[in-house]
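The values are calculated or read from the model by the stated rules, or taken from the named source; none is laboratory data. Remember, predicted model here, so these are calculated numbers, not experimental data. So basically every Cβ, Gly included, is an ideal-geometry build from the backbone, and we count neighbours across all protein chains shown. The protein model used for the area step is the full one, side chains on, heavy atoms only, and it has no ligands, DNA or RNA in it. Shrake-Rupley method; radii C 1.70, N 1.55, O 1.52, S 1.80 Å.
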Amino acid sequence: MLAVLDLRPHRRGRRRHFLGLVLALLLPAAQAAGQSTGEARLPLPRFASLAGESINVRSGPSKNHPIRWVYTRLGLPVKIVEEFDAWRKIVDHEGDEGWIHGSLLSRRRTVVVTAELMELRRTPDQEARVLLRAERGVIGRLLDCDARWCFVDIAGTRGWAPRDAIWGVLETEMRN
């Protein structure tokens, strides 16, 4: 994907010119790393969460497209894979795809348990004390990740979940 940026100074002065230079330097680096950027100039794919309790998922990027289904789970993580204007094409943890208006998504990062039973542990170690057990479908807030574990908050309990037991984090993503 080729990004065209106007690097000429504008009326607002040097700040906009500097921002253009920074974007011109960062976009090729993101593309070289295998990431693309959408119309929002944010990396694709990326994760977001549902910002409402009743969200229509459409077959295309406009209100003229029919509603395919309605999400009723506040905070459910979704992967944004494409953008068109203010619309975001998303994929959920079950592989279903559709279009949602961007205003219905939150940048708050969440994860959903995909294992039948996931044990949240005190430290990122399989032998660490179990703080709680969560069933498939439970949603938690993502706080941090390393290569094998993610630090999450589920119902007010913070602990470490194995990455392979949750969905909502890119394979290459490390958070701090």
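Would you be able to tell me the number of residues in segment 51-66 that are in a strand (DSSP E or B) and touching a Lys or Arg at 6+ places or on another chain (Cβ under 6 Å)?
1
Has segment 121-131 got any residue that is hydrophobic (A, V, I, L, M, F, W, C), assigned to a strand (DSSP E or B) and within 24 Å of ARG46 (Cβ to Cβ)?
no
What's the number of the condition ASP125 fails, among (1) within 13 Å of ALA161 (Cβ to Cβ); (2) surrounded by fewer than 16 Cβ atoms within 10 Å (Cβ to Cβ); (3) within 19 Å of the chain's Cα centre (by Cα)?
(3)
Please give the number of the condition TRP149 fails out of (1) open to solvent by 70 Å² or more (accessible area, probe 1.4 Å); (2) in contact with a strand residue (DSSP E or B) (Cβ under 8 Å, 6 or more places away or on another chain).
(1)
I'd like to verify a number: residues in segment 72-103 that are open to solvent by 30 Å² or more (accessible area, probe 1.4 Å) and either closer than 18 Å to SER59 by Cβ or part of a strand (DSSP E or B) (or both), how many?
Total satisfying the criteria: 13.
Quick test for you: out of LEU120, LEU170, pick the one residue that is touching a Phe, Trp or Tyr at 6+ places or on another chain (Cβ under 9 Å) and closer than 20 Å to GLY95 by Cβ.
Unique residue meeting the criteria: LEU170.
Do the conditions hold for VAL169, that is, is it in a strand (DSSP E or B) and not polar (S, T, N, Q)?
No; evaluated as a whole, the condition is false for this residue.
Any residue in segment 125-150 that's on the phi > 0 side of the Ramachandran plot and of a type outside the set (D, E, K, R): show its pairings with residues that are open to solvent by 70 Å² or more (accessible area, probe 1.4 Å) and not in a strand (DSSP E or B) at Cβ separation under 9 Å, as long as the two are six or more apart or on different chains.
Partner pairs satisfying both residue conditions: GLY137/ARG73.
Quickly run through segment 43-89 and pick out the residues that are free of Cβ contacts under 8 Å to residues at least 40 places away in the same chain, under 25 Å from GLY140 (Cα atoms) and β-branched (Val, Ile, Thr).
Of everything in segment 43-89, those that are free of Cβ contacts under 8 Å to residues at least 40 places away in the same chain, under 25 Å from GLY140 (Cα atoms) and β-branched (Val, Ile, Thr) turn out to be VAL70, THR72, VAL78, VAL81.
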